[in-house]
1. Give the residue from Phe63, Ala124, Val84 lying farthest towards the positive end of the charge dipole for segment 1-145; charges sit on Cβ (+1 for Lys and Arg, -1 for Asp and Glu) and the dipole is referred to the Cα centre.
2. Relative to the Cα centre, what is the charge dipole magnitude of segment 2-386, using +1 at the beta carbon of each Lys and Arg, -1 at the beta carbon of each Asp and Glu, and rounding to the nearest 20 debye?
3. What order do you get for Tyr230, Tyr27, Tyr98 when you list them from fewest to most C-beta neighbours inside 10 Å?
4. Please compute the net charge surrounding Thr292, taking Lys and Arg as +1 and Asp and Glu as -1 over other residues with Cβ under 13 Å from its Cβ.
5. Write down the Å³ per residue value for the convex hull defined by the alpha carbon atoms of segment 243-335.
6. Within the set of other residues whose C-beta is less than 12 Å from the C-beta of Ser40, count the net charge using Lys and Arg as +1 and Asp and Glu as -1.
7. With each run of n ≥ 4 DSSP H residues scored as -39500 (n - 2.57), what mean residue ellipticity at 222 nm is computed for the chain after dividing by its residue count and rounding to the nearest 500 deg cm²/dmol?
8. Within 10 Å of each residue's Cβ, count the other Cβ atoms and sort Thr145, Thr292 from fewest upward.
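Where a number appears in this text, it was derived from the coordinates with a stated rule and is not lab data. Note that the coordinates shown come from a computational prediction; the quantities given were computed from them, not determined experimentally. Methodologically, a virtual Cβ is constructed for each residue, glycine included, from the backbone with ideal geometry; neighbour enumeration extends over all protein chains shown.
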Amino acid sequence: MGVMALNYLALGITLPAMSLIVVSKGYPLTTLALIMMIYSATVMVFEVPSGLFADAKGRKTSFIFGIALSTLGVGCMFAQNLMVICTGFALSGAGRAYGSGSLDALFIEEGQVHGKRLETLVFALEINSGVSLSIGALIGGWLLTLGQEGPTLTYPILMVRISLLILSLLLVMISINEKQRLNHTHVTFFAQITLFKQLLGGTPFLLLFSMSVFLKGMLLSSVEGFWQPYLKNLLSNDSQYWILGAVASLIFGISVIGSLIGQKMVGLKNPVGIYSIMFLIIFGFQILLSLTQHTLSFLIVYCLIYLFLGGSSVVGEYILNKATKDEVRSSMLSLSSFSLQSGAIISNILATLTFLYGGIDLLWKLCAILGALGFVFLTKPMLQQFPSVTGQ
């Protein structure tokens, strides 16, 4: 859990500056959308293969490889050249694919072996990530004030992130002995593919749930990718950059509160219905966010979005893990992340087209409408399929 916390801390530090890594070097929003598309596409390409690799060859090995790729990627982000920056985001995307879900799956399986409830384990993971991201974002906002306006603005953040990634790499190598802890039997990569195909073929709910995660990916990409330049335009001057870090920290703190609410909801009779209702509310808030004209109103609506995202995340992870067998858990978590990044790619394509005719506010409206309509169509079949899952 400590290694995962450190890794989330490293990610959180860059959250106030993800867009600024590109924009501060003088590139326009259309270039930012292109780079975010490259990042999401790379994650998407490697997600399912990385999950199969983690299930077949070991979660620790997958995580170490992911951290190494992410470290190389962050190093490339120091560059001014667009191709090198794109390479950095691509390497970071591949690193995220190999790192995502690997230690999470290990934590869930080990916890269940020791008799812990699934909802308790999922909640612990959400709290761990939320608190670590919040602290990291707060530190990142402060580090942003140490950078000089212009191309080197994000250098302090990038240097600290590389240091934390290297530290987490060393810690996972010396602190986790996967074979000894789980008596894990490795299988061939192709045998793992067969197991995974059998699970998907026998559990239609998982495909439906993955479609809902696709819509979530559109939401997150449109909001997380462009909230910084949107809020920056609402600020009175550039000396208020620290507010970006404070906001990033605040929303993850809010998401922890949402996770507490979500933990209470998973025990209710209809978690799938609760999951869908939460997202319909979130898409409504996204439309409100696009209408904000002042910093305070932006902060209120943005925090409400993450309050419900925190709750929906716990409920969604509970539903997903409830429907998934241990031997393919990393693969299924990777498919979920694949769906998330697929949604992000569509969102960034939509952003590239939208910015030819309008601004960020128009993008948020379009993503909210498409997301809400998608959940309206998905909710009924998910409700029909989930009972057969719980009985497995």
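1. Val84
2. Working: 20 positive and 15 negative charges, 99 e Å.
Computed charge dipole of segment 2-386: roughly 480 debye.
3. Result, fewest neighbours first: Tyr27, Tyr230, Tyr98.
4. Its environment carries a net charge of 0.
5. Measuring per residue, one finds 110 Å³ for the Cα hull of segment 243-335.
6. Details: positive: Arg96; negative: Glu47, Glu224.
Surrounding charge for Ser40 is -1.
7. Rounded to the nearest 500, it is -28000 deg cm²/dmol.
8. Ascending Cβ contact count within 10 Å gives the list Thr145, Thr292.
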